[in-house]
Ligand code: CO
């Protein structure tokens, strides 16, 4: 064995089984009941952290699962007393799809930490660091750990030097660790080695790597990163690993056994946890939430740069529109839209915006006949500055003149909002947590909270009409509350 490890420290593992694994493979439908029986064994494994909250889980809890996301977090905190809990946080968007004022970002960080979060992974879809400023400041203020994130992508302007410079900037802003977020599994193994090595030579805080296995290179990426000295990596327990999800935890732990980077984690305990999550994966498959299509290696992603979550949403959106035959047309349109929009990395919300625009361009039969309002907002600079040059013709078609483009930190244009939200929702919110749920998801939270607090109003509607044996299935009841799909 001639290849040398550039670090001799045990590789630390964050398991994503409670968040990204089911978000990527099963439309975020894992419930707290699915998780609870496994918490004790998960807590005993010795993970660096468990990613368990944020991302799409918050929305999905209320929209599809009739679950209070804050109660979920407190339940996880109670069941996982020895393991750090980690969440994913979209900078100034928090968990929503628009920019919030600084005081809302601050309150959300405070409440997340109060309710049990230890580590907040903060990213911005455009890598505009001004969108991370407030969340970094607030997380530190309330005693949380900041993982400031590079949203990894490939484009004529996104090269290694670009990301190293960005990492340095984030370290100077107070990051406790730097995360490379390779949401679409575009980072190739040799590039991962080179990037991690360069980052280790430039910044002194730990480097945490997040990738997926969409294109089939995830395990190799993690191994090469381990060689280059990465400190922490994300993996998922095998029952919900691979495909659009993370590489399997057990495989990497076994691979590194006896090497200088041995994780020291107990494979037997993981196997116990996996027995449970295999049942959960089966339930999700039976409920129609886990489409086997997301499990196969898709090398098209290397061409189209489409993240896993976006792929599964795209499939279900086209299915609903009965336009499944347009799948590959839409995939081919995505990179063209991305170029016109100045090469944003494809991650929420830019992945949804570019994806929706591409769907429109194809379904309407004419490019840029229609601009959803989010597309216009992005072209106007409301999400931050776009990394590359925007196609001015497209911007003009959207009705945006050059002088209308925002150049300051977008949140500087927002007045404090928290008091306004408290007033607006004073009749339905029972807590500050409720106010935040309502502020972030005004389309979903009011109905959820009303149902939570007044179940009697809904009892009649939920009564099984016929075939009682079938409707007793809690999933069937949940489906009643499906409102719309988020692309
Ligand atoms: Co991910």
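Some values worked out for this structure:
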| read-out | value |
| --- | --- |
| Residues 286, 298, sorted so that the one with the fewest Cβ neighbours within 10 Å comes first | 286, 298 |
| Packing rank of 74-80, 355-361, where each peptide gets the mean count of other beta carbons within 10 Å, highest leading | 355-361, 74-80 |
| Spin-label pair residue 373/residue 428, simplified geometry with 7 Å Cα→Cβ offset, distance in nm | 1.8 nm |
| Separation of the residue 3 and residue 82 label points, Cα + 7 Å toward Cβ, nm | 3.3 nm |
| Order of 97, 47 under a 10 Å beta carbon neighbour criterion, fewest first | 97, 47 |
| Distance between the stretch 30-99 and the stretch 201-260 - C-alpha centres, whole angstrom | 21 Å |
| Cα gyration tensor, the chain - rounded (a/c under 1.5), prolate or oblate | rounded |
| Neighbour-count order for 294, 104, 230, fewest beta carbons within 10 angstrom listed first | 294, 104, 230 |
| The stretch 211-340 - convex hull of the alpha-carbon atoms, volume per residue in Å³ | 110 Å³ |
| Ordering of 7-17, 407-417 by packing [mean C-beta count within 10 Å, highest first] | 7-17, 407-417 |
| Relative contact order [Cα under 8 Å, 6+ residues apart], the chain, whole percent | 18 percent |
| Mean-position separation - Cα centroids, the stretch 108-130 and the stretch 408-444, in angstrom | 17 Å |
| Kirkwood-based shape ratio for the stretch 163-216, expressed as Rg/Rh from alpha carbons | 0.98 |
| Diffusion constant of the stretch 392-467 at 20 °C, which comes from Stokes-Einstein with the Kirkwood Cα-pair radius and 1.002 mPa s, µm²/s | 132 µm²/s |
| Highest-first arrangement of 175-187, 255-267, where packing means the average Cβ count within 10 Å | 175-187, 255-267 |
| Computed [θ] at 222 nm, deg cm²/dmol, the chain (DSSP H ≥ 4; -39,500 (n - 2.57); rounded to nearest 500) | -13000 deg cm²/dmol |
| Fraction of beta bridges assigned by DSSP in the chain that are antiparallel (%, nearest 5) | 5 percent |
| Anisotropy class of the stretch 121-182 from Cα gyration tensor, a/c 1.5 cut | prolate |
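Throughout, read-outs are computed from the coordinates displayed, never taken from laboratory work. Just so it is clear, the structure is predicted and the values come from calculations on it, not from any experiment. Cβ coordinates were reconstructed from backbone atoms using ideal geometry, including for glycine residues, and neighbour counts include every protein chain displayed.
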